[in-house]
Amino acid sequence: MDFLQLSHDRYSVRKFKDTPVEQEKIDKIIEAAMTAPTACNWQPFKVWVIQSPEAVAKVYETTPYTFGTKLFFVIGGDPKTAWTRKYDQKGFADVDATIVATQMMLEIHDLGLGTTWVGSFDEPKLKAAFPEMEGYELIAMFPTGYPADDAEPSKLHAVSKAKEELVAVL
Ligand SMILES: Cc1cc2nc3c(=O)[nH]c(=O)nc-3n(C[C@H](O)[C@H](O)[C@H](O)COP(=O)(O)O)c2cc1C
């Protein structure tokens with residue numbers, strides 16, 4: 001698919017079918033994560049695939065934005081192993097993890113699946129439920145599945161600021 005077409009077509013899917021996501025598609029989403037660029041290629045990130053009913057139930061306790069899914073991805077950046085810019089000591093863990101997550105989100109759409117980037121979750125509660133996430137900056141959660149037949153973009157999908165406000169040519 002033409003990239004700009006994919007970029008226009010993708011929207012936050014908030015209603016899923018019950019159809020399970022095939023392992024081959026999960027593998028491709030992981031491949032999209034693993035091919036993402038990171039600062040110095042240090043790859044300071046982790047992706048958790050949350051699919052066992054017990055684990056999924058724990059995630060449901062941390063956010064209302066589940067949309068009935070049975071599959072989540074959680075993406076975290078590791079500040080301990082991320083590149084730091086020497087001029088201002090900015091750590092790039094969140095930047096790297098966000099690039100990873102963005103590639104995953106677009107691959108999910110390209111596979112005919114859907115997701116919503118969920119940032120509103122109880123991070124401390126999630127880490128208490130999954131101690132292996134301790135120490136990571138958890139930047140995104142992706143409830144994922146096949147879009148329901150009547151899934152549709154929210155009104156916000158079509159809202160864009162004016163180009164002059166978003167882009168400056170110097
Ligand atoms: C960093 C980030 C956090 C978000 N968090 C949530 C969330 O917690 N719940 C939700 O329903 N949507 C969330 N969204 C989805 C946005 O509301 C949505 O992307 C935006 O309104 C544009 O709509 P579209 O994705 O359909 O184009 C988030 C998106 C981003 C990029």
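Selection of the stretch 1-54 for residues being loosely packed, with under 14 Cβ neighbours inside 10 Å and of a type in the set (Ser, Thr, Tyr) yields Ser7, Thr19, Thr35, Ser52. Is there a residue being at pLDDT 95 or above, aliphatic (A, V, I, L, M) and away from the ligand (no atom under 16 Å from the Cβ) anywhere in the stretch 1-14? Looking for residues that are at pLDDT 95 or above, aliphatic (A, V, I, L, M) and away from the ligand (no atom under 16 Å from the Cβ), one finds none in the stretch 1-14, hence no.
Scanning the stretch 99-134 for residues being surrounded by fewer than 19 Cβ atoms within 10 Å (Cβ to Cβ) and of a type in the set (S, T, N, Q) gives a total of 3. Considering Asp88, Asp110, the condition of being more than 14 Å from the ligand (Cβ to nearest atom), in contact (Cβ under 8 Å) with a residue 60 or more places away in the chain, more than 21 Å from Gln43 (Cβ to Cβ) and over 12 Å from the mean Cα position of the chain (by Cα) is satisfied by Asp110 alone.
Residue check: Ser160 meets all listed conditions (1) closer than 29 Å to Thr19 by Cβ; (2) near the ligand (Cβ under 10 Å from one of its atoms) but one, namely (1).
Scanning the stretch 116-157 for residues that are aliphatic (A, V, I, L, M), within 14 Å of Phe67 (Cα to Cα) and near the ligand (Cβ under 9 Å from one of its atoms) yields Val118, Met141. Within the stretch 149-170, the residues that satisfy the criterion of being in contact (Cβ under 8 Å) with a residue 12 or more places away in the chain and of a type in the set (Gly, Ala, Ser) are Ala151, Ser154.
Just give me the residues in the stretch 135-157 being more than 22 Å from Lys17 (Cβ to Cβ) and not hydrophobic (A, V, I, L, M, F, W, C), in sequence order. Those that are more than 22 Å from Lys17 (Cβ to Cβ) and not hydrophobic (A, V, I, L, M, F, W, C): Gly135, Tyr136, Glu137, Lys155.
Could you tell me which residue of the stretch 149-170 is surrounded by the fewest Cβ atoms within 10 Å (Cβ to Cβ), considering only residues that are assigned to a loop (DSSP other than H, G, I, E, B) and aliphatic (A, V, I, L, M)? For the stretch 149-170, the residue satisfying everything is Leu170.
The values are calculated or read from the model by the stated rules, or taken from the named source; none is laboratory data. Note that the coordinates shown come from a computational prediction; the quantities given were computed from them, not determined experimentally. Cβ sites come from the backbone with ideal geometry, for glycine too, and all protein chains shown count toward neighbours.
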